[in-house]
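Here is the structure we will look at.
The values are calculated or read from the model by the stated rules, or taken from the named source; none is laboratory data. Quick caveat: nothing in here was measured; it's all calculated off a predicted structure. Accessible surface is based on the protein model in full, side chains and every heavy atom, while ligands, DNA and RNA are left aside. Shrake-Rupley method; radii C 1.70, N 1.55, O 1.52, S 1.80 Å.
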Amino acid sequence: VLLYFAEPDSLQPGERVFDIALQDKIVVTNVDLTKSTGKNQALVKRFEGIRIADALKISLQKSSSATQHPTLSGVELIAE
């Protein structure tokens, strides 16, 4: 599973921070797009070994300190 992100807004680090869960399991915590890449720059997260039967469940959970909701730009599935 590849997840594609890009920060569309001019935010300060810490304003959009979130955790990523796939199939109800947290796979990454404290993603901060502004801190990682800045505005309009791609960030790709790759996760291997994710079992998908009928559907892929993606959950993005906003950090309690963040002021902006998570954003996701794209999803790619690759058979292993």
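Evaluate the Debye formula for the chain with equal point scatterers sitting on the alpha carbons, no solvent, and hand back log10 of I(q)/I(0) at q = 0.12 Å⁻¹, in q order, two decimals. Once normalised to I(0) and log-transformed, intensities are -0.33. Taking all protein chains as present, what is the carbon and sulfur share of the accessible area of the chain, in % to the nearest whole number, probe 1.4 Å? Exposed carbon and sulfur together represent 45 percent of the surface.
Take every Cα pair under 8 Å whose residues are at least 6 apart in sequence, average their separation, divide by the length of the range 1-55, and the relative contact order is 45 percent. Database remark: amide H of E7 closer than 5 angstrom to the amide H of N40, Q41 (H placed geometrically; neighbours at sequence offset of 5 or more, or on other chains; Pro and chain starts carry no H). Couplings 3J(HN,Hα) for the range 31-44, derived from phi with the Karplus relation 6.51 cos²θ - 1.76 cosθ + 1.60 (θ = phi - 60°), are 6, 10, 4, 4, 5, 6, 10, x, 6, 6, 10, 6, 10, 10 Hz, where x marks Gly and Pro. Probing with 1.4 Å while keeping every protein chain in the model, the per residue accessible area of the range 11-80 equals 68 Å².
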